[in-house]
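Since every read-out is calculated from the coordinates, none of them should be taken as a lab result. Model, not experiment: these values are computed from the prediction. Positions of Cβ are backbone-derived with ideal geometry, glycine not excepted, and every protein chain shown enters the neighbour counts.
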Ligand code: ADP
Ligand code: MG
């Protein structure tokens, strides 16, 4: 952080978010303060997040681990600005997300954040290259085939450009999804159970791919309910019943 700034992300100096290194001027790319989310299930409330506070430094690779139903996906939706919390404050790259317009949020989702899901979420009628090209088309770019092909090459799928999702293995489909998340060159990659549908060996390859992207300086937040997947990440944040129960700071990140 630059000298003379008041605190992480321009916030007043004071109590650091849970899990941040005290006394070290880390750049927080994600800061949550007492985030709450309650779903209404036909009149009975489901408290998915019950006051989540934490910070993630730029360049970290973090696993959010917890049992099914502990609120991990809800947290990811909020981190990715796909959903809004009912309470608390979310600072993304120092900006309070609550104050941003719908257009600005859509722009952040398209330019700053890449999403990877357990079920790949590829469009079945499009081939790999067309799936990867989509986020660029959404932002109004044209002629992005070459760019999409280059990213697919990078994730090891240079020979599968014209395959449709049904013609790919699970691991290959997830690589396409990762390429699609990467094509906009996002600072943050959010992956919700990215290895949940994959066998152990393929999971290992996908985790290695994500670790490589992290080594390039991208912040990676990965959700999992599997301890061995979480153990592959340098930092773990533990959730239970809508709360963070432990969030050690993790090792220092390499400067970008
Ligand atoms: P996880 O990803 O850790 O399995 P979720 O964030 O999906 O947890 O869910 C947390 C809690 O919120 C669960 O009790 C779940 O049933 C509930 N929940 C999640 N999404 C919704 C929704 N759209 N409507 C109602 N309840 C939901
Ligand atoms: Mg989930």
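Rounded, prolate or oblate: which fits the chain, taking a ≥ b ≥ c as square roots of the Cα gyration tensor eigenvalues, rounded meaning a/c under 1.5, else prolate when a/b beats b/c? It comes out prolate by the Cα gyration axes. Computed from the Cα positions only, the extents of segment 71-199 along the three principal axes stand at 46, 36, 23 Å, in decreasing order. Dividing the Cα radius of gyration of segment 179-252 by 2.2 N^0.38 Å, with N the residue count, gives 1.13. Remark: the residue 95-residue 154 segment gains 18.1 nm on full extension, using 0.36 nm per residue and subtracting the alpha carbon distance.
Between residue 199 and residue 47, the modelled labels are 4.4 nm apart [label points 7 Å from Cα along Cα→Cβ]. Look at the Cα gyration tensor of segment 93-156: its axes a ≥ b ≥ c give a/c of at least 1.5 with a/b over b/c, and that counts as prolate. Once the Cα atoms are used to define both axes, helix 200-215 deviates from the longest principal axis of the chain by about 60 degrees. Peptide packing: for 52-64, 193-205, 136-148, the average count of neighbouring Cβ atoms within 10 Å per residue gives the ranking 52-64, 193-205, 136-148, highest mean first. Tilt of helix 170-182 relative to the longest C-alpha principal axis of the chain, in degrees (0 to 90, nearest 10)? Between helix and principal axis, roughly 60 degrees.
Against the chain, whose longest principal axis is taken from its Cα atoms, helix 128-138 shows a tilt of about 50°.
Given R0 = 25 Å, the distance between the Cβ atoms of residue 67 and residue 211 translates into a calculated FRET efficiency of 0.55.
With r defined as the distance between the Cβ atoms of residue 185 and residue 34 and R0 fixed at 25 Å, what FRET efficiency is calculated, to the nearest 0.05?
0.20
Measure off 7 Å from each Cα along the Cα-to-Cβ vector at residue 119 and residue 228, then give the distance between these two points in nanometres to one decimal. For the pair residue 119/residue 228, the computed spacing is 2.6 nm. The mean sequence separation of alpha-carbon pairs under 8 Å and at least six residues apart, normalised by the residue count of the chain, gives a relative contact order of 26 percent.
In this label model, residue 86 and residue 126 are separated by 3.5 nm, measuring between points 7 Å along each Cα→Cβ vector. Given all pairs of different Cα atoms, what value in angstroms does the Kirkwood hydrodynamic radius of segment 153-218 take? Computed over Cα pairs of segment 153-218, the Kirkwood hydrodynamic radius comes out at 12.3 Å. Taking every DSSP helix (H) stretch of at least 4 residues in the chain, weighting each as -39,500 (n - 2.57) and dividing the sum by the residue count yields a mean residue ellipticity at 222 nm of -8500 deg cm²/dmol.
For segment 123-159 versus segment 197-225, the spacing of their alpha-carbon centroids is 20 Å.
Placing a label point 7 Å from the Cα of residue 166 along the Cα-to-Cβ line, the residues of segment 112-139 whose backbone N sits under 15 Å from it are 122-128.
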